[in-house]
Amino acid sequence: MIQNVEAPLVAQHISYRYVGGVQVLQDVSLVGETGSWTAVMGPSGAGKSTFLYCCAGLLKPESGEVTVAGHALERMNERDLTRLRRDHIGFVFQDYNLVPAFTCLQNVMLSDLFGGPKIETKAAVSALADVGLAGYENKYPADMSGGQRQRVSIARALASRPQVLFADEPTGALDTKSSRTVMGLFHTVAMRGTTILMVTHDPNVAACADRVIFLVDGRVHSTCSGESAANIAGRLALMSDGRVDENE
């Protein structure tokens, strides 16, 4: 039963099927309260990223409803969806999505440049410093490593202070120290009221979230909160081996 439809992120009974008939998601629901941080985990092919893309309005579910920042996505045209993403949503994806012709500073201020939320230069510089890139304001993506580019994309997402932040493997290209820094930043923005939905394969990263939702074969297998990285890793291992935790 879905509760609190006023929450910044509400996904109700989401199902999705790829062209060709492959069922990827089956009846997945989630409520992201204000300031909550949810991690989604599961074996390869469980539908984690597909679910995130459906919640972000980047994929249209076969059935079910998604509401973001009070807007029902299925009732919006592409122009309205673009405006919603620009004004209320932050994205951190594996492929960075940086503009090669823009400097790091310009990439962080991208939404402002295209009519989105106003981002002051001082705030953009501060966001870069927060992810360990002080002094990189005038560098271009081509002159940076993959991990550095990922940190620029994270700085961009956080600088706009989105109502909902979607992150797909946000630490996948980062070393351990940088990952810890980024998770600390995610904690800070959640405390400020941003709702976070994050896909990750890393139990250490998932343990930083308020709760973890495990998907198996496109369905919600189980959830947990407050568990250690070791316990989360153990749960994931059982699912990957096709076994079920007897304690559930």
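The values are calculated or read from the model by the stated rules, or taken from the named source; none is laboratory data. Here the structure is a predicted model, which means the values were calculated and not measured. Positions of Cβ are generated from backbone atoms using ideal geometry, with glycine treated the same way; all protein chains shown enter the neighbour counts.
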Exercise. In segment 91-112, is there at least one residue being hydroxyl-bearing (Ser, Thr, Tyr) and at pLDDT 95 or above?
Worked result: yes
Problem set entry | From the options 84, 98, residue that is buried (at least 20 other Cβ atoms within 10 Å of the Cβ), touching a residue at least 12 places away in the same chain (Cβ under 8 Å) and more than 26 Å from residue 172 (Cα to Cα) | 84
Problem set entry | Conditions (1) closer than 30 Å to residue 140 by Cβ; (2) among the hydrophobic types (A, V, I, L, M, F, W, C); (3) in a loop (DSSP other than H, G, I, E, B); number of the one not met by residue 46 | (1)
Seminar exercise, completed: Of (1) of a type outside the set (Lys, Arg); (2) assigned to a loop (DSSP other than H, G, I, E, B); (3) buried (at least 20 other Cβ atoms within 10 Å of the Cβ), residue 172 fails just (3)
Seminar exercise, completed: Among residues of segment 120-146 being surrounded by 20 or more Cβ atoms within 10 Å (Cβ to Cβ) and closer than 30 Å to residue 68 by Cα, the residue modelled with the lowest pLDDT is 131
Exercise. Scanning for something crowded, with 17+ Cβ neighbours inside 10 Å, touching a strand residue (DSSP E or B) at 6+ places or on another chain (Cβ under 9 Å) and part of a loop (DSSP other than H, G, I, E, B), does segment 5-17 turn up at least one residue?
Worked result: yes
Exercise. Can you tell me which residues in segment 153-181 are under 14 Å from the mean Cα position of the chain (by Cα) and over 23 Å from residue 118 (Cα atoms)?
Worked result: 168, 169, 170, 171, 172
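Going by the conditions given, is residue 34 within 27 Å of residue 185 (Cα to Cα), surrounded by 22 or more Cβ atoms within 10 Å (Cβ to Cβ), polar (S, T, N, Q) and in contact with a strand residue (DSSP E or B) (Cβ under 8 Å, 6 or more places away or on another chain)?
Taking the combined requirement at face value, the residue does not satisfy it.
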Seminar exercise, completed: Scanning segment 159-169 for residues that are touching a strand residue (DSSP E or B) at 6+ places or on another chain (Cβ under 7 Å) and buried (at least 24 other Cβ atoms within 10 Å of the Cβ) gives 160, 162, 165, 166, 167
For this session: Would you be able to tell me the number of residues in segment 195-214 that are within 23 Å of residue 237 (Cβ to Cβ), touching a helix residue (DSSP H, G or I) at 6+ places or on another chain (Cβ under 8 Å), outside any loop (DSSP other than H, G, I, E, B) and not β-branched (Val, Ile, Thr)?
Result: 5
Problem set entry | From 192, 180, 149, 156, residue being in contact with a helix residue (DSSP H, G or I) (Cβ under 8 Å, 6 or more places away or on another chain), surrounded by fewer than 23 Cβ atoms within 10 Å (Cβ to Cβ) and farther than 22 Å from residue 50 by Cα | 149
For this session: Could you please let me know if residue 106 is polar (S, T, N, Q) and touching a strand residue (DSSP E or B) at 6+ places or on another chain (Cβ under 9 Å)?
Result: no
For this session: For residues that are among the aliphatic types (A, V, I, L, M) and under 12 Å from the mean Cα position of the chain (by Cα), scanning just segment 42-65, find the one that is surrounded by the most Cβ atoms within 10 Å (Cβ to Cβ).
Result: 56
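To keep it simple, each residue is scored yes or no on (1) more than 21 Å from residue 133 (Cβ to Cβ); (2) in contact (Cβ under 8 Å) with a residue 24 or more places away in the chain.
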site	(1), (2)
174	no, yes
179	no, yes
197	yes, yes
223	yes, no
For this session: Determine whether residue 235 is assigned to a helix (DSSP H, G or I) and either basic (Lys, Arg) or farther than 24 Å from residue 44 by Cβ (or both).
Result: yes
